[in-house]
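The values are calculated or read from the model by the stated rules, or taken from the named source; none is laboratory data. Every value quoted in this text rests on a predicted model; they were computed, and no experiment measured them. Cβ placement follows ideal geometry from the backbone for every residue including glycine, while neighbour counts extend to all protein chains displayed. These accessible areas exclude ligands, DNA and RNA; they are computed on the full protein's heavy atoms, side chains included. Shrake-Rupley method; radii C 1.70, N 1.55, O 1.52, S 1.80 Å.
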Amino acid sequence: MKLYFVELQVSDWAASLTWYREVLGLDVLLTDEPARFALLRAGQTRLSLKAGTPTPGGVLLSFEVEDLSPWLGRLGLMDVKTSPEGYRRARLRDPDGYTITLFEWLPTVTRAASAE
């Protein structure tokens, strides 16, 4: 079994699609404008955006990046945390208030998942 996609309900479908495409650089795989649905590639999985009522409080999307520094400059992110688990992260919010984490593993950390 593998996770195929995570779906977010968004208040302004077109604006959210633009934000995820332009700000995070996700590739659009499929759009259904009449149904206000989009499927975007996010590495090995996918993110779907569906028009509806957002519920950002219970959702956190974490994206692993190779190098966090260019993202910090590009997005104007200042609040960077280093975790004891061995990664650096910065957080931002999408247009509906969903929390997005961008993180990079520090080079000294050995992870079983890194071989996947």
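Just for region 30-51: of the residues that are at negative phi and of a type in the set (Gly, Ala, Ser), which one is surrounded by the most Cβ atoms within 10 Å (Cβ to Cβ)?
Our first condition is that a residue be at negative phi; within region 30-51, this holds for 30-35, 37-42, 44-51.
Next, only the ones that are of a type in the set (Gly, Ala, Ser) stay: 35, 38, 42, 48, 51.
Working: 35: 10, 38: 25, 42: 17, 48: 17, 51: 15.
Per the stated criteria, the residue is 38.
I'd like the full set of residues that are closer than 10 Å to residue 62 by Cα and touching a residue at least 60 places away in the same chain (Cβ under 8 Å), limited to region 90-109.
The one that is closer than 10 Å to residue 62 by Cα and touching a residue at least 60 places away in the same chain (Cβ under 8 Å): 100.
Would you tally the residues in region 12-29 being aliphatic (A, V, I, L, M), open to solvent by 30 Å² or more (accessible area, probe 1.4 Å) and free of Cβ contacts under 8 Å to residues at least 40 places away in the same chain? Give the derivation first.
Taking region 12-29 first, the residues aliphatic (A, V, I, L, M) are 14-15, 17, 23-24, 26, 28-29.
Those still in the list that are open to solvent by 30 Å² or more (accessible area, probe 1.4 Å) too: 14-15, 23, 28-29.
Those left that are additionally free of Cβ contacts under 8 Å to residues at least 40 places away in the same chain: 14, 28-29.
The total comes to 3.
Of the conditions (1) open to solvent by less than 70 Å² (accessible area, probe 1.4 Å); (2) basic (Lys, Arg); (3) modelled with pLDDT of 95 or more, residue 111 clears all except one; give me its number.
(3)
Collect the residues in region 13-53 that are in a loop (DSSP other than H, G, I, E, B) and over 17 Å from the mean Cα position of the chain (by Cα), keeping them in residue-number order. Even if it seems obvious, please write down each step before you answer.
Residues of region 13-53 in a loop (DSSP other than H, G, I, E, B): 23-26, 33-36, 43-44, 52-53.
Of everything in region 13-53, those that are in a loop (DSSP other than H, G, I, E, B) and over 17 Å from the mean Cα position of the chain (by Cα) turn out to be 33, 34, 35, 36, 52, 53.
How many residues are of a type in the set (Ser, Thr, Tyr), open to solvent by less than 40 Å² (accessible area, probe 1.4 Å) and at pLDDT 95 or above if we restrict to region 60-98? Break it down stepwise before answering.
Keep residues of region 60-98 that are of a type in the set (Ser, Thr, Tyr), which gives 62, 69, 82-83, 87, 98.
Add one more test, that the residue is open to solvent by less than 40 Å² (accessible area, probe 1.4 Å), and what stays is 83, 98.
Subsequent filtering for residues that are at pLDDT 95 or above retains 98.
The qualifying residues number 1.
Go through (1) at pLDDT 95 or above; (2) under 15 Å from residue 7 (Cα atoms); (3) under 14 Å from the mean Cα position of the chain (by Cα) for residue 56 and report which single condition fails.
Every listed condition holds for residue 56 apart from (1).
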